[in-house]
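Quick notes on the structure that follows.
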């Protein structure tokens, strides 16, 4: 039995081989006709949609992988892996591809929590090093593109639906096609603008998380001295990343004469939601400082299209964030107060949007 797909001729043996070799759509059993029909369907899938790409979101703690079909926007087969379970990124990627039993990806877009200035790429908060030639060789890829993780997240902003975000404060919708900004605490503190240029969206990134934090009061100066530790600079990231809430909690204890206890950031936020006064104080201060820093970045970028808050930390306490001093501190910009108050702020509640941004990067060829 022979069939034609496009200009290609193939027979039952092709169908059996395709079914058995990839086990792509069905397991090849039963009659010759059944095998042929299944193989033909699989062949059709390969002809129409056989090009997939690997996308990844690599942070200092975890890496998330997904596959995306050529030209599509939605990542598939999302999986998360802990960095400390692997000796290298390549090893984690190989484990992912084996787990999902995927077709061989053609290209990869890796969103990395690190500055992208040539290769090798050194992950900022973890000891991995990446290079495109090594990844191509070890994973059988034709091409590898590295982007900053917040560049990728910024590219996902235009595709956000109303169900993917909640507004913090009631400040309108922002200027259509105005510059947007995304900022988010995690293992580090990511910052990126998104500028509209003709028909394209261009991410503008840097290392904004490492700017020096500006204390405003005598108490804040004392607090900065308490949390500085061995660091010569108290940066925005030092106060607002995953460990920042712990530093603020312990710093407040130090300047008030309270005994510091060993407690994680997750426990502080949980106990704050339960009404623990010391934890409420620390989390309120965290939100206040986040609002101050986000407002500063909004002025720097001219983010009239809105400021978006990303990262998994803030999703733990959206109602607390909305009721906190975050927005009032964001607006407190002196002569530029009216400008700041016109900028809407949103919390991204949907997961895996950095992967969506990596897909957008591949589509746009940014």
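Points worth noting:
- With respect to the conditions (1) within 20 Å of residue 140 (Cα to Cα); (2) touching a helix residue (DSSP H, G or I) at 6+ places or on another chain (Cβ under 7 Å), residue 81 lacks only one, and its number is (1).
- Meets criteria (surrounded by 14 or more Cβ atoms within 10 Å (Cβ to Cβ) and more than 22 Å from residue 185 (Cα to Cα)) for residue 113: no
- Failed condition for residue 182, given (1) touching a strand residue (DSSP E or B) at 6+ places or on another chain (Cβ under 8 Å); (2) touching a residue at least 60 places away in the same chain (Cβ under 8 Å); (3) not in a strand (DSSP E or B): (3)
- Meeting the requirement of 1 or more residues that are modelled with pLDDT under 90, the helices (runs of 4 or more DSSP H) wholly within the range 64-158 are 89-100.
- Restricted to helices (runs of 4 or more DSSP H) entirely inside the range 200-296, those with at least 3 residues that are in contact with a strand residue (DSSP E or B) (Cβ under 8 Å, 6 or more places away or on another chain) and either surrounded by 22 or more Cβ atoms within 10 Å (Cβ to Cβ) or not assigned by TED's automatic domain parsing to the domain that holds residue 332 (or both) are 236-240.
- When the range 113-144 is filtered for residues that are closer than 22 Å to residue 351 by Cα and in contact with a helix residue (DSSP H, G or I) (Cβ under 7 Å, 6 or more places away or on another chain), only 113 remains.
- Residue check for residue 86: surrounded by 15 or more Cβ atoms within 10 Å (Cβ to Cβ), in the same structural domain as residue 145 (by TED's automatic domain parsing), under 17 Å from residue 135 (Cβ atoms) and out of contact with any strand residue (DSSP E or B) (no Cβ under 7 Å at 6 or more places or on another chain): yes
The values are calculated or read from the model by the stated rules, or taken from the named source; none is laboratory data. Everything numeric here is computed off the predicted structure, so don't read it as measured data. Heads up, the Cβs are rebuilt from the backbone with ideal geometry, glycines too, and the neighbour counts pull from every protein chain shown.
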